[in-house]
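J.: My questions all concern the structure below.
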Amino acid sequence: MAGKRVLMMTKVNAIWSSLEEFNKFWEKENLPFWLEHGAKHIGSFVNYLGGPKSQIIRLFEFDDLSHWDRFMELREKMFDSGQGREGLKKTVEFIESIEETVWISVY
């Protein structure tokens, strides 16, 4: 599966009253980590019709499965650090749930 593009989608159900604050926090504190480690941010979206309006969908692209694996290892190490734990603690103050899905290109 090397060489096949990987897409990762995160669905975050944010606390409605904190939605704008969460997006600002995420852009400042989390997005730089993703970009620094090679994830391509395709975009962040909210529902316009149907579905919860406080659900944020973020799409990222990775070069291949090994790139995604390395990113996930780095993310785990970051969460294990003091700074990472503090950031995670702050993040969960804004959200009700999070779901991640990964797709591998068929071509």
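J.: Restricting the search to the range 59-83, which residues are free of Cβ contacts under 8 Å to residues at least 12 places away in the same chain and either in contact with a Lys or Arg (Cβ under 8 Å, 6 or more places away or on another chain) or among the hydroxyl-bearing types (Ser, Thr, Tyr) (or both)?
T.: Selection gives Phe79, Ser81.
J.: Looking at the range 1-20 only, could you name the residues that are modelled with pLDDT under 90 and either within 30 Å of Asp64 (Cβ to Cβ) or assigned to a helix (DSSP H, G or I) (or both)?
T.: Met1, Ala2, Gly3, Lys4, Trp16, Ser17, Ser18, Leu19, Glu20
J.: How many residues are closer than 19 Å to Arg85 by Cα and touching a residue at least 40 places away in the same chain (Cβ under 8 Å) when one looks only at the range 15-58?
T.: Number satisfying all stated conditions: 6.
J.: Next up: Which one of the conditions (1) farther than 22 Å from Leu65 by Cβ; (2) assigned to a helix (DSSP H, G or I) does Leu35 fail to meet, given that it meets all the rest?
T.: Here Leu35 clears every test but (1).
The values are calculated or read from the model by the stated rules, or taken from the named source; none is laboratory data. Since this is a predicted model, take the numbers as computed values, not measurements. Please note: Cβ atoms are built from the backbone with ideal geometry, for glycine as well, and neighbour counts cover all protein chains shown.
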